[in-house]
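A.B. asks: Let me give you the structure first, and then I'll get to my questions.
None of the figures in this text is laboratory data; all of them are computed from the coordinates on show. The structure displayed is predicted, hence computed values, not measured ones. We place every Cβ from the backbone using ideal geometry, glycine too, and count neighbours over all the protein chains shown.
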Amino acid sequence: MNADREKIDALKREINELKERLDKIESAVEKERTKTGIEIRIEGFKNDIIEGLMNGIRGEIEKSVLISPSGIYVRPVKKGKISEKEKLDHGKIASVMRVLSNEHRLKILSALMNGGKYASDLEQKIHGISASALSSHLKILEETGLIVQESVRGRYLITMPGRVILKIINRLARLLEESEK
Amino acid sequence: MLRVNQCIRLGSELYKTTQETALLRSSKCMITVKRGTLVVNILKKGKLMGYVFYGKAKLCLDAIIETSEGALGKAITKEFNGPFIMLMGGEVKQAVLSTVTVSSATNDDFTKAGCKNAQNFVEIASNTWKKFLRHVEGHWPENEKNMRMFAFPQNDIFEIVLSSRDGIVYATTNTVYILKGDIQALGGSREIMVTRCGKSVSIKYG
């Protein structure tokens, strides 16, 4: 248990060091930008890197450490074949992608990133969407598990998977955009 | 522990609800009973302690916790048709059911609600109360203001909703949801998540 804590502390220290390095790079780039007039937006990219690192670390901890009422255990590392769980289910992926391949649905998810909203708020926020279309999109997103509706107040909230998926596709889109340049 | 003694008994008057009535209404939970639901008082030393209902009830509970990484849990909507118990503490006792929302039940009302007659309803209510006392242990804080407890029989267990001024507890076989002030906890068969001010801790089992 102490060894795990030490590992986590070491990783935290490493992240902080990386943050400091990135800050230094950012300030250097900023100086360069003012000199050359080249506009480089690094803030979002930096946040993505840190967030990616944090998610990666969290995932690794979840995979390797088991917390139960009787104590904390380190799971044995499995090597070799890809487990059934890790295999790609192309049908499932395609059906999720179908849900996401709609601009209005993506706008709904983005609007919910800053907190729960009522259908009327979403209708105002997303221009050019009718109440019936919005209702249909909300239903699809809810069925897929990307959002959830409160039964008492009726607000819509983005779920954990919804949030993660939106971030991933956002990053993918930016990566593709970058590669086109 | 809820003590089974001679001080607690069911009332002799039998009622029915005259309109759809909300027994609990908060931002996270709502429990309503349909019009025509049968009601009998639970009395302790002659004072109102709660009710046994028989009829259609609806439970809406948002067992959803909001974290900075997204929402977790689900909205629970359940409809019950049969007997269930409501216990009350403090000042809410007088406010929940009034002469506006209940009136004396007639023979027709018992058959409409699904009972054979008044005697049948009393037997069902009495058995439900006895079963509840056998299954549920704990101290009932009678003087706690705004405290309400609902117990819905589900096969051999009870689904419990406990509501007070600053929180809600919902417990069933595979889900426990707790809201107390700014702390929320959601426990399933494989994971427990606790959150406060958007920050969360998750413990997974196996």
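A.B. asks: Let me test this: with uniform point scatterers at the alpha carbons of the range A:90-180, what is the Debye-based log₁₀ I(q)/I(0) at q = 0.19 1/Å?
C.D. replies: Per q value, in the given order, log10 I(q)/I(0) is -0.87.
A.B. asks: Further, regarding this structure: Computed FRET efficiency, Cβ-Cβ of B:Val201 and B:Lys78, R0 22 Å: what is it to the nearest 0.05? Kindly include the intermediate steps, with their values, before the conclusion.
C.D. replies: Values: r = 28 Å, r/R0 = 1.29.
Computed FRET efficiency for B:Val201 and B:Lys78 comes out at 0.20.
A.B. asks: Let me ask another. Once phi is turned into ³J(HN,Hα) by the Karplus curve 6.51 cos²θ - 1.76 cosθ + 1.60 with θ = phi - 60°, what whole-Hz value does each residue of the range B:161-172 show in order, with x for glycine and proline?
C.D. replies: Once θ is set to phi - 60°, the couplings for the range B:161-172 become 10, 10, 10, 9, 4, 10, x, 9, 10, 10, 9, 9 Hz.
A.B. asks: Still on this structure, please answer the following. Based on Cα positions only, what radius of gyration and what Dmax would you give for the range B:8-204, in angstroms?
C.D. replies: 17.6, 56
A.B. asks: Treat each spin label as a single point 7 Å out from the Cα along the C-beta direction, and report the A:Leu100 to B:Ser12 distance in nm.
C.D. replies: With each label point 7 Å from Cα toward Cβ, the separation is 6.9 nm.
A.B. asks: Report the FRET efficiency, 1/(1 + (r/R0)^6), for A:Met113 and A:Ser27, where r is their Cβ-Cβ distance and R0 is 30 Å, rounded to 0.05. Kindly include the intermediate steps, with their values, before the conclusion.
C.D. replies: Details: r = 29 Å, r/R0 = 0.96.
My answer for the efficiency is 0.55.
A.B. asks: May I pose another question? At most 15 other C-beta atoms within 10 Å and a DSSP loop state: those are the exposed GluC sites (Glu not before Pro) I care about. Give me the longest piece of chain B that has none.
C.D. replies: Details: sites that count: B:Glu20, B:Glu91, B:Glu137, B:Glu142, B:Glu144.
Answer - B:21-90.
A.B. asks: Something else now. Let me know the mean shielding of B:67-79 by other chains, meaning the per-residue number of their Cβ atoms within 10 Å of its Cβ. Present the calculation step by step, with values, prior to reporting the outcome.
C.D. replies: On the way: counts 2, 1, 7, 15, 14, 5, 4, 5, 9, 1, 2, 1, 0.
Mean number of neighbouring Cβ atoms from other chains: 5.
A.B. asks: Quickly work out the A:Leu18-to-A:Gln124 label distance, labels modelled 7 Å from Cα along the C-beta direction, and quote it in nm with one decimal.
C.D. replies: Distance between label points: 4.0 nm.
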